[in-house]
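The values are calculated or read from the model by the stated rules, or taken from the named source; none is laboratory data. Given the structure is predicted, the values throughout are model-derived calculations rather than measurements. Because the Cβ atoms are built from the backbone with ideal geometry, glycine has one as well, and the counts that use them run over all protein chains shown.
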Amino acid sequence: MTRIRIAKNGSIRFIYDDGLACLQELGISHIKRVSHVEPYNGWQADMSPTGQDIILGPYKTRKEALEAEMQWLIEHNIPTAKENKRG
């Protein structure tokens with residue numbers, strides 16, 4: 001379920017996937033973390049790096065948390081990371 005956003009200025013934003021790594025060769029690239037999937041009472045996805053105070057879960061498996069994280073990011077148009085949100 002890969003989504004790529006291309007802005008009017010030509011910049012590209014996508015959820016990193018090794019299969020899309022070649023897109024980095026098109027120009028200057030920056031990789032930023034926009035969420036954290038961590039074990040806590042099961043597994044949860046912390047979306048706070050996007051500037052949203054949202055925790056998804058808990059989920060029984062890491063895979064479920066990763067899938068929920070991906071779905072949330074797509075539903076929210078692949079938001080960018082906010083600076084200094086996590087220490």
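Step by step: first the residues of segment 6-39, then only those that are under 25 Å from residue 67 (Cβ atoms) and of a type in the set (Val, Ile, Thr), then the one that is modelled with the highest pLDDT. Which residue is that?
Of everything passing the filter in segment 6-39, 37 is modelled with the highest pLDDT.
What are the residue pairs meeting all of these: first residue in segment 5-17, first residue assigned to a loop (DSSP other than H, G, I, E, B), second residue loosely packed, with under 10 Cβ neighbours inside 10 Å, Cβ atoms under 8 Å, and 6 or more apart or on different chains?
16/31
Please enumerate the residues belonging to segment 21-34 that are out of contact with any Pro (no Cβ under 6 Å at 6 or more places or on another chain) and of a type outside the set (D, E, K, R).
Within segment 21-34, 21, 22, 23, 24, 26, 27, 28, 29, 30, 31 qualify.
Please state which of the following conditions residue 65 fails to meet, knowing it meets all the rest: (1) modelled with pLDDT of 95 or more; (2) within 19 Å of residue 80 (Cα to Cα); (3) of a type in the set (A, V, I, L, M, F, W, C).
(2)
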